Every structure is written in C-alpha cells, then in structure tokens.
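Everything below concerns the one structure shown next.
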Amino acid sequence: YTLTGELLKEGRSLTAFAAMNDMIALGILDALGEAKLRVPADVSVIGCDNILFGRLKSIGLTTIEHFVPLKGKDACDIIIKKIESQTGLAKEQQPVSIYHVEYEPKLMIRGTTGYTQM
C-alpha cells in the first residue's frame, strides 16, 4: 500500500502492478482507490495465490493459482512416507527416495486486469 502511494507520487505513467502475492495486491488496490484511479480502466493489478478474499465478487482479483493447499498436503504425504520407511526392520536396506512434484500454475482472470491505452 505504502510503496504504491510512493510510486504514484513520482508521477510515472504506470499501466499495471504485479504483486508478489494477493495480500500485497489488495494493498495496491486500496492505494489506487484512494488515488481515484480506476481498476482496470486506468491501471491493472494481478496477484499470486488465489486467496479467498480475492475471489469475492466485489474485489475480483486477477491472480495466479499455484495450488498452495495441495502442495502442503503432498509435502505431508511425502514426510509420512519417509517416516514410515524408517520404522521397518530392514531400514538400513531402504533406498533413499527423492521426490520431484510440479504443479502447472493457472491464470485466474477476473476483474482487475484489462487493456489500457497509453
């Protein structure tokens, strides 16, 4: 929020903000609203995480879904498997497992992004 206000005071012609996460994007939206800038008519905003508040119809935050809850579940499953493999009688003979899990991020287009003419 504060950094957005500072950027706007510099008088630069900005057309979009890409936030590290949705909570930061919400702060950007607040600062833009106070500056009387229209989203997305004047400037676009995108976040990352797809949090519940961004999905509210009144906010409609464009964001990137990267499946945080699923990553947490899969990480716990991997940890449990590793613990269980170390409790067997022949634990010295157990191979070391390496996991590589990828998730395809998904762009969730909502109401905070659009085409802006300069």
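Derivation of every value follows stated rules applied to the coordinates shown; laboratory data play no part. Source: prediction; values computed, not measured. In this analysis, Cβ positions are derived from the backbone assuming ideal geometry, glycine residues included, and neighbour counts consider all displayed protein chains.
Near Val43, the amide H atoms lying under 5 Å from its own belong to Arg38; only residues 5 or more places off or on other chains count, and H is placed 1.01 Å from N.
For Arg55 and Ala75, what is the calculated FRET efficiency with R₀ set at 22 Å and r taken between the beta-carbons, to the nearest 0.05? Here the calculated transfer efficiency is 0.35. Looking only at Pro69, Pro105, Pro40, which one moves most when the chain is put into a Gaussian network model with springs between Cα atoms under 10 Å? Among Pro69, Pro105, Pro40, the largest GNM mean-square fluctuation belongs to Pro69. The modelled label-to-label distance between Glu34 and Ile64, using points 7 Å beyond Cα along the C-beta direction, is 2.8 nm.
Using the number of other C-beta atoms within 10 angstrom as an exposure proxy, rank Val68, Val45, Val96 with the fewest first.
Values: Val68 13, Val45 23, Val96 6.
Ordered from fewest to most neighbouring Cβ atoms within 10 Å, Val68, Val45, Val96 come out as Val96, Val68, Val45.
Based on alpha carbons, the Rg and Dmax found for the chain are 21.1, 69 Å. Shown is the FRET efficiency for Leu7 and Ile98, computed with R0 = 41 Å from the Cβ-Cβ distance and rounded to the nearest 0.05: 0.45.
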